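S.K.: Structure provided below as structure tokens; questions to follow.
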There are 2 protein chains.
Amino acid sequence: TSQRAVAAAEARQASLTKPAGSLGLLERIGIQLAGIARVCPPPVPERAVVGVFAGDHGVCAQGVTPWPQEVTVAMLLNMAAGGAAINVLAAQAGAEVVVTDVGVKLDYPPTDGVRGRNVARGTRDLSVEAAMTRDEAIAALAVGIDTANEALDGGAQVLLTGEMGIGNTTASSALIAAITGAGVAAVTGRGTGIDNEALAGKIAVIERALALHRPDPSDPVGVLAAVGGLEQAAIAGFILGAAARRVPVILDGVIACASACIAVSLAPEARGYLIAGHAGAEPGITEALSWLGLDALVDLGLRLGEGTGAALALPMVQASARILRDMATFDDANISAG
Amino acid sequence: TSQRAVAAAEARQASLTKPAGSLGLLERIGIQLAGIARVCPPPVPERAVVGVFAGDHGVCAQGVTPWPQEVTVAMLLNMAAGGAAINVLAAQAGAEVVVTDVGVKLDYPPTDGVRGRNVARGTRDLSVEAAMTRDEAIAALAVGIDTANEALDGGAQVLLTGEMGIGNTTASSALIAAITGAGVAAVTGRGTGIDNEALAGKIAVIERALALHRPDPSDPVGVLAAVGGLEQAAIAGFILGAAARRVPVILDGVIACASACIAVSLAPEARGYLIAGHAGAEPGITEALSWLGLDALVDLGLRLGEGTGAALALPMVQASARILRDMATFDDANISAG
């Protein structure tokens, strides 16, 4: 990102008709967008694509979630038909949803609205063996990069991450613990809803996996292969694809945060392109955002995923660019600052 | 509001393709909108008007703010010209801004885009005498009611509160302390930016005013007249006007919260029509929202006012209605809940 544009945006924020800093995080996001676009004011990112990546998780065999894996397919088809929460929130925000099967386990009929890029029929059980081979992890990363490139070739100015995969908060907590070094209990939550006993079991499963694989954070592909998921790999690629083309990415919840930890471990320059959409009901989000150095725009107690938190944040990101473009300066308005 | 529609909305939330409660506050707002509209799903409130009310404050003589009163007029004209933050954020959210002079002190040329409804040329210094007469307070309330009715006659489906008035956080903290019974220090903040010494002085001014007037919370017009502002009175009327027509109101920051305390004291039924847009950098927001029983949608560290927090919350309110209208049910998607 461009230090000259950042400095210009900081100076412009100070000149606009508002007390210094009074627009809070919106001011910082505006400055970040200027740095990314290398120009101040930055363009308002009107055209947005939510990349939803679906995959399954062998670790479901350990009872980490009450939902059966059939739900991954059912929700994939629901998203393709426009009936899921992400469809509704993306429509509200004016964003397009692109749904990609990168690792769904079960069969389903060919469906319009699902991009078939299946790398493997779900991961293996990360608590007893590596979730993926390195080749599978890299192939899923490539699916994400390709998806970003297609969206950007189609005119997208900002990308949002989304996902669907029963069991994927377990893999995400494992990834966040492995990359950040945080304790498993500190980064593991209730997903879409489990009780205390099930939470203790989920933590034990992740601890067993980390003890088994001893993933090395300096080898992010190895971490991904050991304890990750196909959709986490694809989202990491989606982030890298956006950053490589100098486009901002709005992260959703804990799955996106885990993927961002991988992406930034692979390419530290990607960090500057990340915008945190939603703060955490899942404790892993808090730990990952702290490691990434990001503050979230929305904190509504969502624990759904799919990209919903990112979609709710999109209008705020657009607003932060509009502020730099459209507000009057003190000089325009003939006001002496107090 | 309608208990039957509320019950229908609660049942519908449970039937939609998401884990129970996973959309957090959005689910509760959707249920509230159904109760207000007396139908489930509720209509999506697409047409929104931000009512911005401007007034001046005699208490500025006590040095409670570094900004000169000239800034009230300058910002009024800036808003009329479309250059203020609220214009930009309302445009992003698709809302119309209606600017009303209900109590500006200084002269300015006749200006398109400013509704002239001046009740008094600013309030008197609340720390030495009553800020308004009861008649002035009632006249300003009536300006707000009229403004709501005009907006609703024009087709607005949701109203947002906004304001401009140098010194108005001081009057707001005084109102919140008087109505809720909270201590002055607990509800007084830095406004758009003062240091520790000035904050201590502001608290002392408000304590002096409350000791002088001993406002009685069971007489909300008396409270308003003693320590309020013309724009707070108008916003209270704007809220009452919306509630009387069964339309939801999105509150902005501390000035709106103070006004809402007055409105709900006058008409407790108004409470069900309120949606909190922005949580507090100003501590008075926290106290007032707690007294009102509301949780805020946005918490971005804004301390600007104008209606900016309400404008950022509008897409979320619209999204909460869309969810009830547009999401598929588990039956639609052939999913058995886990």
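S.K.: Counting only residues that are part of a helix (DSSP H, G or I), within 8 Å of chain A (Cβ to nearest Cβ) and touching a residue at least 40 places away in the same chain (Cβ under 8 Å), how many does segment B:36-80 have?
M.R.: So the count comes out to 2.
S.K.: Within segment A:49-70, track down each residue that is buried (at least 24 other Cβ atoms within 10 Å of the Cβ) and hydrophobic (A, V, I, L, M, F, W, C).
M.R.: Once the filter is applied, which keeps residues that are buried (at least 24 other Cβ atoms within 10 Å of the Cβ) and hydrophobic (A, V, I, L, M, F, W, C), segment A:49-70 yields A:VAL49, A:VAL50, A:VAL52, A:PHE53, A:ALA54, A:VAL59, A:VAL64.
S.K.: Collect the residues in segment A:108-128 that are of a type in the set (D, E, K, R) and touching a helix residue (DSSP H, G or I) at 6+ places or on another chain (Cβ under 8 Å), keeping them in residue-number order.
M.R.: A:ASP112, A:ARG115, A:ARG117, A:ARG124, A:ASP125
S.K.: From (1) under 17 Å from A:LEU26 (Cα atoms); (2) in contact with a Pro (Cβ under 8 Å, 6 or more places away or on another chain); (3) not in a helix (DSSP H, G or I), pick out the condition that doesn't hold for A:LEU294.
M.R.: A:LEU294 satisfies every listed condition except (2).
To keep it simple, each residue is scored yes or no on (1) more than 21 Å from A:ALA186 (Cβ to Cβ); (2) within 14 Å of chain B (Cβ to nearest Cβ).
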residue: A:ALA244; (1), (2): yes, no
residue: A:PRO248; (1), (2): yes, no
residue: A:GLY253; (1), (2): no, yes
residue: A:GLY280; (1), (2): no, yes
residue: A:THR286; (1), (2): no, no
residue: A:LEU297; (1), (2): yes, yes
residue: A:LEU304; (1), (2): yes, yes
residue: A:PRO315; (1), (2): yes, yes
residue: A:ILE323; (1), (2): yes, yes
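S.K.: Residues B:ALA174, B:ALA178, B:ALA209: which one is over 22 Å from the mean Cα position of the chain (by Cα), in a helix (DSSP H, G or I), buried (at least 24 other Cβ atoms within 10 Å of the Cβ) and modelled with pLDDT of 95 or more?
M.R.: After ruling out the rest, the residue left standing is B:ALA209.
S.K.: Right, here's the next one. Where residues in segment B:2-29 are surrounded by fewer than 18 Cβ atoms within 10 Å (Cβ to Cβ) and of a type in the set (S, T, N, Q), which of them is modelled with the lowest pLDDT?
M.R.: Of everything passing the filter in segment B:2-29, B:SER2 is modelled with the lowest pLDDT.
S.K.: How many of the residues in segment B:297-316 are over 24 Å from A:GLY309 (Cα atoms) and either assigned to a helix (DSSP H, G or I) or free of Cβ contacts under 8 Å to residues at least 24 places away in the same chain (or both)?
M.R.: The first filter runs over segment B:297-316 and keeps only residues over 24 Å from A:GLY309 (Cα atoms), leaving B:304-306.
If we keep only those that are either assigned to a helix (DSSP H, G or I) or free of Cβ contacts under 8 Å to residues at least 24 places away in the same chain (or both) too, we end up with none.
Result for segment B:297-316: 0.
S.K.: Let me ask another. So which residues in segment A:326-338 are under 37 Å from the mean Cα position of the chain (by Cα) and more than 8 Å from chain B (Cβ to nearest Cβ), if there are any at all?
M.R.: Result: A:THR329, single match.
S.K.: A further question follows. Which one of these does B:ALA263 not meet: (1) in a helix (DSSP H, G or I); (2) of a type in the set (A, V, I, L, M); (3) out of contact with any Leu (no Cβ under 7 Å at 6 or more places or on another chain)?
M.R.: (3)
S.K.: Does segment A:81-95 contain any residue that is crowded, with 20+ Cβ neighbours inside 10 Å, more than 10 Å from every other protein chain (Cβ to nearest Cβ) and in a loop (DSSP other than H, G, I, E, B)?
M.R.: No, segment A:81-95 contains no residue that is crowded, with 20+ Cβ neighbours inside 10 Å, more than 10 Å from every other protein chain (Cβ to nearest Cβ) and in a loop (DSSP other than H, G, I, E, B).
S.K.: Quick check on A:LEU76: is it closer than 25 Å to A:ALA276 by Cβ and buried (at least 22 other Cβ atoms within 10 Å of the Cβ)?
M.R.: no
S.K.: Going residue by residue through segment B:12-30, is there one that turns out to be without any contact (Cβ under 8 Å) to a residue 24 or more places away in the chain, assigned to a helix (DSSP H, G or I), over 28 Å from B:ALA142 (Cα atoms) and at the interface with chain A (Cβ under 9 Å from one of its Cβ atoms)?
M.R.: yes
S.K.: May I pose another question? May I ask you to list pairs of residues, at least six apart or on different chains, whose Cβ atoms are under 8 Å apart, with the first in segment B:144-168 being in contact (Cβ under 8 Å) with a residue 24 or more places away in the chain and acidic (Asp, Glu) and the second being part of a loop (DSSP other than H, G, I, E, B) and crowded, with 19+ Cβ neighbours inside 10 Å?
M.R.: Close Cβ pairs satisfying both conditions: B:ASP146/B:ARG117; B:GLU163/B:ASP252; B:GLU163/B:GLY305; B:GLU163/B:GLU306; B:GLU163/B:GLY307.
S.K.: Return yes or no: is B:ALA319 within 18 Å of B:ARG28 (Cβ to Cβ), more than 9 Å from every other protein chain (Cβ to nearest Cβ) and either in contact with a Lys or Arg (Cβ under 7 Å, 6 or more places away or on another chain) or buried (at least 23 other Cβ atoms within 10 Å of the Cβ) (or both)? Walk me through it before giving the result.
M.R.: Values: within 18 Å of B:ARG28 (Cβ to Cβ): yes; more than 9 Å from every other protein chain (Cβ to nearest Cβ): no; either in contact with a Lys or Arg (Cβ under 7 Å, 6 or more places away or on another chain) or buried (at least 23 other Cβ atoms within 10 Å of the Cβ) (or both): yes.
Spelling it out, it is not the case that B:ALA319 is within 18 Å of B:ARG28 (Cβ to Cβ), more than 9 Å from every other protein chain (Cβ to nearest Cβ) and either in contact with a Lys or Arg (Cβ under 7 Å, 6 or more places away or on another chain) or buried (at least 23 other Cβ atoms within 10 Å of the Cβ) (or both).
The values are calculated or read from the model by the stated rules, or taken from the named source; none is laboratory data. Note that the structure is a prediction, hence the values are computed from the model and not measured. Every residue, glycine among them, receives a Cβ derived from its backbone with ideal geometry; neighbour counts consider all protein chains shown.
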